[in-house]
Amino acid sequence: MDVKYFIVLFFVLSSTEQIYSKSIQNITSLDEDSITSRLEILETKLTVLENEREKQPVLFYAIIKQSEFSLNKHSTVVFETVIINEGGHYNNNDGIFVAPRDGIYMFSWTVSTVNSAYILTELVVEENVISSTGEREVDSGSYTSASMTAFCRMNKDDHAWIRTTGWSTDNFIHSKDTYARTSFLGFLVHPE
């Protein structure tokens, strides 16, 4: 009886192993197909999101709200109050804009000073001076401003900022609600 029982048990276990083995293979095969399908759907959705991001505007406008201070040679001017920053590419903590993609960008800035002080600034992209503006001969008791607009080609992740020139160590900024404001703006004109 023991031998018959052993043979029947062996046959049942062998048959069950084949069934389970086939079932697991089928499930694994289905899972791989399902995972592949889901991965393709996610890749498609990611491509759509990336294309939408490419269409988003890139622009910022920031000012120095209520302040008077002096800057040394080649000091970055930090425009701390952000009015608009579509895309979040201007950092109001360090005054630097980072290009999100290749293209032609336009920048414009205004610097203001008072009395017999002066302020000389330049737009810098990746350590290359693009343009400059400022006031050197201000009459005592007067408030004055200088502005500049410039276009330049930037590559993705290039940095742009306004800094004082190397002309002097005493660049004075005066920016108040009731007087001319010091400001900086930029935007992507033509993506490449």
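The values are calculated or read from the model by the stated rules, or taken from the named source; none is laboratory data. Just so it is clear, the structure is predicted and the values come from calculations on it, not from any experiment. Counting neighbours? That spans all protein chains shown, and the Cβs are built from the backbone with ideal geometry, glycine included. The accessibility values were calculated without ligands, DNA or RNA, using every heavy atom of the protein model including side chains. Shrake-Rupley method; radii C 1.70, N 1.55, O 1.52, S 1.80 Å.
Across the cross-link table entries Lys73/Lys176; Lys45/Lys156; Lys55/Lys176, which are compared at the Cα atoms, the separations over 25 Å belong to Lys55/Lys176. Where the alpha-carbon atoms of the range 145-186 are placed on the principal axes, they occupy 37, 25, 16 Å, in descending order. A simple count of charges around Glu127, restricted to other residues whose Cβ falls under 13 Å of its Cβ and scoring Lys, Arg +1 and Asp, Glu -1, yields -2.
All C-alpha to C-alpha distances of the range 57-191, sorted into 5 Å bins beginning at zero, yield P(r) values of 2, 11, 22, 24, 19, 11, 7, 2, 1, 0 percent in whole numbers. When the scattering of the range 75-117 is computed by the Debye formula from its Cα atoms alone, each counted once and equally, what is log10 I(q)/I(0) at q = 0.27 Å⁻¹? Calculated log10 I(q)/I(0) at the listed q: -1.18.
Rounded to the nearest Hz, the phi-derived 3J(HN,Hα) couplings of the range 171-187 under the Karplus curve 6.51 cos²θ - 1.76 cosθ + 1.60 (θ = phi - 60°) are 8, 10, 9, 10, 9, 9, 3, 8, 10, 4, 9, 8, 8, 8, 9, x, 7, where x marks glycine and proline. Rounded to the nearest Hz, the phi-derived 3J(HN,Hα) couplings of the range 35-45 under the Karplus curve 6.51 cos²θ - 1.76 cosθ + 1.60 (θ = phi - 60°) are 5, 4, 4, 5, 5, 4, 5, 5, 5, 5, 4, where x marks glycine and proline. Spin-label pair Tyr179-Thr47: with each label point 7 Å from Cα along the Cα-Cβ axis, the two points sit 5.7 nm from one another.
Extension gain for His190 to Lys73 (0.36 nm times residue separation, less C-alpha to C-alpha distance): 38.9 nm. Seen from Val82, the other residues with C-beta closer than 14 Å to its C-beta sum to a net charge of -1, counting Lys and Arg as +1 and Asp and Glu as -1. Note on Tyr143: accessible area approximately 110 square angstrom, rounded to 10, probe 1.4 Å, nucleic acids and ligands left out. For the range 57-191, the fraction of 1.4 Å probe accessible surface lying on carbon and sulfur atoms is 45 percent. Karplus-based coupling profile of the range 119-127, in residue order and whole Hz: 8, 10, 10, 8, 8, 10, 10, 6, 6, with θ = phi - 60° in 6.51 cos²θ - 1.76 cosθ + 1.60 and x standing for Gly or Pro. Go ahead and run the numbers for FRET between Arg136 and Lys156, Cβ-Cβ distance against an R0 of 30 Å, rounding to 0.05. Rounded to the nearest 0.05, the efficiency is 0.25.
Near the amide H of Lys65, within less than 5 Å, lie the amide hydrogens of Glu80, Thr81, all on another chain or at least 5 residues away, with H placed in the peptide plane.
Accessible surface for the range 71-111, divided over its residues, is 40 Å² per residue with a 1.4 Å probe.
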